[in-house]
Amino acid sequence: MKKAFVIGMVALATTVSFSTAHAAGVTGAKSVKESLVDYTKQIKEAAFGKGGTAKGLSAQQAQIARDKMINELNLPAGKNNALAMSLTSDSAKSSQRLENLATVIAAKKMAVEISKQDAVEGKSIDEAATASAKLLANASLTGARKSAKELDAAELADTSAALTKLEGLPEGILTRFSKAERDSYTKIIEKHDQLVETGAKSTSEEAFVQAIMDVKKVDKAKALEIVRKLKECV
C-alpha cells in the first residue's frame, strides 16, 4: 500500500447544494489531481466562506457547515451521528476534519463527472470516498482505549497512528493510488467499519488490523507491517 490515502465521503454547502452542473468542465483535460483541487476549492469556499478554510469559524458557522455536509451524505442515521461526534469530539482536530470532509465531497462530485466518461473509474472513486467518510465517522474511536486484548501497547500505538495518518490524507487515494490500490483501501475501510459497527473487536485499532488481515489475506504480523508503513507515510 502506497503513501497517503483517504478521502472521505461527506457533504457540504452552507447555502449551496453543489450540482454536477456546478462542477461541469472541471474534469475535462485536467488530471484527477487538478480536478480534485478545483472541486475542493469550490466546495470549501461555499462551506466556509471566501477564505476557504474551516479555521477561525465561529461555533455556529462550523455547525452550519457540518450539518449541511452531513446531510448531503445520505449515510444511515447512526453513522451520521458518529460523524457529527468525530467532527466535534476533539477541538484540536475539528477544523482539519471539516476540511477533510470537504475534500470527500469534492471527490463524490468529481466521481459523477468521471463516470460519464469512465463508469468503472468513477465508481471506484465514489466508493473510496464513501469508505473515507466512514473512516472519518469512526475517527473519534481512534486512541479511545489505552489497552487492547489482541494488541500490545506498541502495536496499539502504531495502529492508532496509522488511522490518524489516514484520516488526514484525503487527496492521496485519488492522486497516488492505482484503481487496484484504491479498491483495496476501500475494502479494508469498509471491513473496518463493519467490525466496528458489530462490536466484533474491543477497539477500533484491533478492528483495523483484522480488516487488513481479512482483505489482504495475511497474518497478524504482516498486517502490522502494513500498519507501520501507513504510520510512516507522508
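The values are calculated or read from the model by the stated rules, or taken from the named source; none is laboratory data. None of the values given here were measured: they were computed from a predicted structure. Note: ideal-geometry Cβ built from the backbone for every residue, glycine included; neighbour counts use all protein chains shown. Keep in mind that these areas ignore ligands, DNA and RNA; they rest on the heavy atoms of the full protein, side chains included. Shrake-Rupley method; radii C 1.70, N 1.55, O 1.52, S 1.80 Å.
Worth a mention:
- Altogether, the Stokes-Einstein calculation at 37 °C and 0.692 mPa s, with the Kirkwood radius of segment 97-177 over Cα pairs as Rh, returns a diffusion coefficient of 236 µm²/s.
- Average accessible area per residue (Å²) across the chain - probe 1.4 Å, nucleic acids and ligands excluded: 45 Å²
- Applying a threshold of 25 Å to the alpha-carbon distances of LYS41/LYS68; LYS41/LYS123; LYS123/LYS201 flags LYS123/LYS201 as lying beyond it.
- Largest GNM mean-square fluctuation across GLU167, GLU34, GLU99, computed for the chain with C-alpha springs under 10 Å, falls on GLU34.
- Cross-link partners for LYS149 among the aspartates and glutamates, with Cα-Cα distance under 20 Å and sequence neighbours closer than 8 places in the same chain left out: ASP158, ASP193, GLU197, GLU205, GLU206, ASP214, ASP219, GLU225.
- Across LYS50/LYS109; LYS30/LYS229; LYS93/LYS146, pairs whose alpha-carbon gap is larger than 22 Å: LYS30/LYS229
- Springs between Cα atoms under 10 Å define the GNM used for the chain, and in it the highest mean-square fluctuation of ILE189, ILE212, ILE64 occurs at ILE64.
- Only one residue of SER95, MET213, ALA128 has its Cα farthest out toward the positive end of the dipole of the chain, where Lys and Arg carry +1 and Asp and Glu -1 on Cβ, and that residue is SER95.
- Percent carbon-and-sulfur accessible area, the chain, ignoring ligands, DNA and RNA, probe 1.4 Å: 52 percent
- Using C-alpha pairs under 8 Å with a sequence gap of at least 6, the mean separation divided by the residue count of the chain gives a relative contact order of 29 percent.
- When the chain is treated as a Gaussian network with alpha carbon springs shorter than 10 Å, the biggest mean-square fluctuation among GLY49, GLY168, GLY199 belongs to GLY199.
- Candidate lysines - alpha carbon under 16 Å from LYS134, same-chain residues fewer than 8 apart omitted: LYS79, LYS108, LYS165, LYS187, LYS191
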